[in-house]
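Q: Take this structure, written in structure tokens, and hold onto it; I'll ask about it next.
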Amino acid sequence: MKLALITPAAKRQERRERLRNSRATALALREVFPAVQYLRLDLMFRSPGPSTPAMQSHTLHAAARAFFEFPCPYADCDGQFDLSAAVKAAIAGPTHQTTGELECSGRRAVGVGESDLCKLHLSYTVAATFKDAAVALSVKHAT
Ligand SMILES: [Zn+2]
């Protein structure tokens, strides 16, 4: 049977593949949040172990996919960070910015057939920049 051949590495690969597919089929940012010009996501990691992944900055413009799940930066981890709620909070909030913390709930391969909870800590900042109201108005008048 083919299923018996699925290794933990293959499973992780499959999850990443699924994330990629979800991203590919997500609506564009401008369709979901038409008023938003771009989003900036800053991800800072704090590891319980010896190696801490580099920080990441993502700037998502109007044409980008409105998909806010990011795979855990550890290649041997099957976890992901879901910033969908944070993005919504930033867009809805009065300052258009939100910060928060998440912990990876994925598992990392630590040996053959063994895995351990990842618990990689993420501090994030999500900032939404809205289209200029004056520009939006002049566009409206021009049409
Ligand atoms: Zn992880």
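The values are calculated or read from the model by the stated rules, or taken from the named source; none is laboratory data. Model, not experiment: these values are computed from the prediction. As a convention, Cβ positions derive from the backbone with ideal geometry for all residues, glycine included, and neighbour counts pool all protein chains shown.
Q: Can you find even one residue in the range 57-71 that is crowded, with 18+ Cβ neighbours inside 10 Å and either in contact (Cβ under 8 Å) with a residue 60 or more places away in the chain or within 12 Å of the ligand (Cβ to nearest atom) (or both)?
A: Within the range 57-71, one or more residues are crowded, with 18+ Cβ neighbours inside 10 Å and either in contact (Cβ under 8 Å) with a residue 60 or more places away in the chain or within 12 Å of the ligand (Cβ to nearest atom) (or both).
Q: Return the residues of the range 9-61 that are out of contact with any Phe, Trp or Tyr (no Cβ under 8 Å at 6 or more places or on another chain) and acidic (Asp, Glu); say none if nothing qualifies.
A: 14, 17, 31
Q: Could I ask something else about it? Do you know which residues across the range 33-56 are under 16 Å from the mean Cα position of the chain (by Cα) and surrounded by 14 or more Cβ atoms within 10 Å (Cβ to Cβ)? Step through it out loud before you land on a result.
A: Residues of the range 33-56 that are under 16 Å from the mean Cα position of the chain (by Cα), as a first pass: 38-45, 53-56.
Selection gives 38, 39, 40, 41, 42, 43, 44, 45, 53, 56.
Matching residues to (1) acidic (Asp, Glu); (2) surrounded by 17 or more Cβ atoms within 10 Å (Cβ to Cβ); (3) modelled with pLDDT of 95 or more; (4) not in a loop (DSSP other than H, G, I, E, B):
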| position | (1), (2), (3), (4) |
| --- | --- |
| 98 | no, yes, yes, yes |
| 108 | no, yes, no, yes |
| 115 | no, no, no, yes |
| 123 | no, no, yes, yes |
| 126 | no, yes, yes, yes |
| 135 | no, no, no, yes |
| 141 | no, no, no, yes |
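Q: Run residue 131 past the list (1) within 12 Å of the ligand (Cβ to nearest atom); (2) surrounded by 15 or more Cβ atoms within 10 Å (Cβ to Cβ); (3) modelled with pLDDT under 95; (4) not polar (S, T, N, Q) and report the number of the one that doesn't hold.
A: (1)
Q: Moving on to the next point. What is the residue count in the range 35-56 for residues that are in contact (Cβ under 8 Å) with a residue 12 or more places away in the chain, assigned to a loop (DSSP other than H, G, I, E, B) and not polar (S, T, N, Q)? Spell out how you get there, then give the answer.
A: Within the range 35-56, the subset in contact (Cβ under 8 Å) with a residue 12 or more places away in the chain is 35-48, 53-56.
Applying the additional criterion that residues be assigned to a loop (DSSP other than H, G, I, E, B) yields 35, 47-48, 53-55.
Cutting the leftovers down to not polar (S, T, N, Q) gives us 35, 48, 53-55.
Total meeting the criteria: 5.
Q: Considering only the range 76-96, I want to know if a residue exists there that is within 16 Å of the ligand (Cβ to nearest atom), buried (at least 19 other Cβ atoms within 10 Å of the Cβ), modelled with pLDDT of 95 or more and more than 21 Å from residue 32 (Cβ to Cβ). Full working, then the answer.
A: Going residue by residue through the range 76-96, those that are within 16 Å of the ligand (Cβ to nearest atom) are 76-83.
This time we only want the ones that are buried (at least 19 other Cβ atoms within 10 Å of the Cβ), so: 77-79, 81, 83.
Filter again for modelled with pLDDT of 95 or more, leaving 81, 83.
Still in the running and more than 21 Å from residue 32 (Cβ to Cβ): none.
No, every residue in the range 76-96 fails to be within 16 Å of the ligand (Cβ to nearest atom), buried (at least 19 other Cβ atoms within 10 Å of the Cβ), modelled with pLDDT of 95 or more and more than 21 Å from residue 32 (Cβ to Cβ).
Q: A further question follows. Between a residue in the range 97-125 that is over 25 Å from residue 37 (Cβ atoms) and within 15 Å of the ligand (Cβ to nearest atom) and any residue that is acidic (Asp, Glu) and assigned to a loop (DSSP other than H, G, I, E, B), which pairs come within a Cβ distance under 7 Å, given they are 6 or more apart or on different chains?
A: 106/78; 107/78; 108/76; 109/76
Q: Taking the conditions exactly as written (farther than 18 Å from residue 129 by Cβ, at pLDDT below 95, of a type in the set (D, E, K, R) and not in a strand (DSSP E or B)), does residue 23 satisfy them or not? Working first, answer last.
A: Values: farther than 18 Å from residue 129 by Cβ: yes; at pLDDT below 95: yes; of a type in the set (D, E, K, R): yes; not in a strand (DSSP E or B): yes.
Criteria met by residue 23.
Q: May I ask you to verify whether residue 30 is in contact with a His (Cβ under 8 Å, 6 or more places away or on another chain) and over 23 Å from residue 108 (Cα atoms)?
A: Numbers: in contact with a His (Cβ under 8 Å, 6 or more places away or on another chain): no; over 23 Å from residue 108 (Cα atoms): yes.
The answer is no for residue 30.
Q: Please enumerate the residues belonging to the range 23-32 that are more than 16 Å from residue 92 (Cα to Cα) and either under 12 Å from the mean Cα position of the chain (by Cα) or among the aliphatic types (A, V, I, L, M) (or both).
A: 23, 24, 26, 27, 28
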